[in-house]
Amino acid sequence: MDDEIIVKNARFIKLKTIADGIDGTITVAENFKHIPFEIKRVYYIYNLGNQKAARGKHAHKKLEQALFCINGRCEIGLDDGENQQAVILDTPDSGLYLGIELWHTMKEFSDNCILLVLASDVYNESDYIRSYDDFTDYIGKKK
Ligand code: TYD
């Protein structure tokens, strides 16, 4: 994982982890404690064996999410309209808070990658900004 997040509305999240030796490990995420919003939806992305697989390529107006690569690795490209960076997720106990108005792209998945996403609301297509031009217009108008 990268040392520092430079884009707006994103930060790393460290979850509570209890290592039980030969009996494995528990990692826990609680509303408002580790996750800075109330979780209303959980989804996960897998079957990512194709090297060209790429997801995301959109931003959200209101939705907040937390991303955890609970198996394997992947890269999250982040763009707040001014700064861009790529973040590697490769540990189940550390993830990424993905706030509003962040253009994001998920790619470079390992074959075994499972990306767990916790979201602050149910699915709502009208919250998506799916064109990069619309994204820059949207954040430009709010300045
Ligand atoms: P999308 O959010 O664009 O996926 P990703 O960010 O992983 O690339 O969603 C892809 C499709 O799946 C789109 O048609 C909407 C649908 N979908 C739902 O119906 N419910 C959901 O909770 C999510 C995340 C997606």
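Tell me which of these Y128 doesn't satisfy, since it passes every other one: (1) in contact with a His (Cβ under 6 Å, 6 or more places away or on another chain); (2) surrounded by 17 or more Cβ atoms within 10 Å (Cβ to Cβ); (3) not β-branched (V, I, T).
Among (1) in contact with a His (Cβ under 6 Å, 6 or more places away or on another chain); (2) surrounded by 17 or more Cβ atoms within 10 Å (Cβ to Cβ); (3) not β-branched (V, I, T), Y128 violates only (2).
Filter the range 55-81 down to residues that are more than 11 Å from the ligand (Cβ to nearest atom), part of a loop (DSSP other than H, G, I, E, B) and in contact (Cβ under 8 Å) with a residue 60 or more places away in the chain, then give me how many there are.
3
Over 26 Å from R130 (Cβ atoms), away from the ligand (no atom under 12 Å from the Cβ), of a type outside the set (S, T, N, Q) and modelled with pLDDT of 95 or more: is that true of D93 in this structure? Spell out the reasoning first.
Working: over 26 Å from R130 (Cβ atoms): yes; away from the ligand (no atom under 12 Å from the Cβ): yes; of a type outside the set (S, T, N, Q): yes; modelled with pLDDT of 95 or more: yes.
Spelling it out, D93 is indeed over 26 Å from R130 (Cβ atoms), away from the ligand (no atom under 12 Å from the Cβ), of a type outside the set (S, T, N, Q) and modelled with pLDDT of 95 or more.
The values are calculated or read from the model by the stated rules, or taken from the named source; none is laboratory data. From a predicted model like this one, the values you see are computed outputs, not experimental measurements. We place every Cβ from the backbone using ideal geometry, glycine too, and count neighbours over all the protein chains shown.
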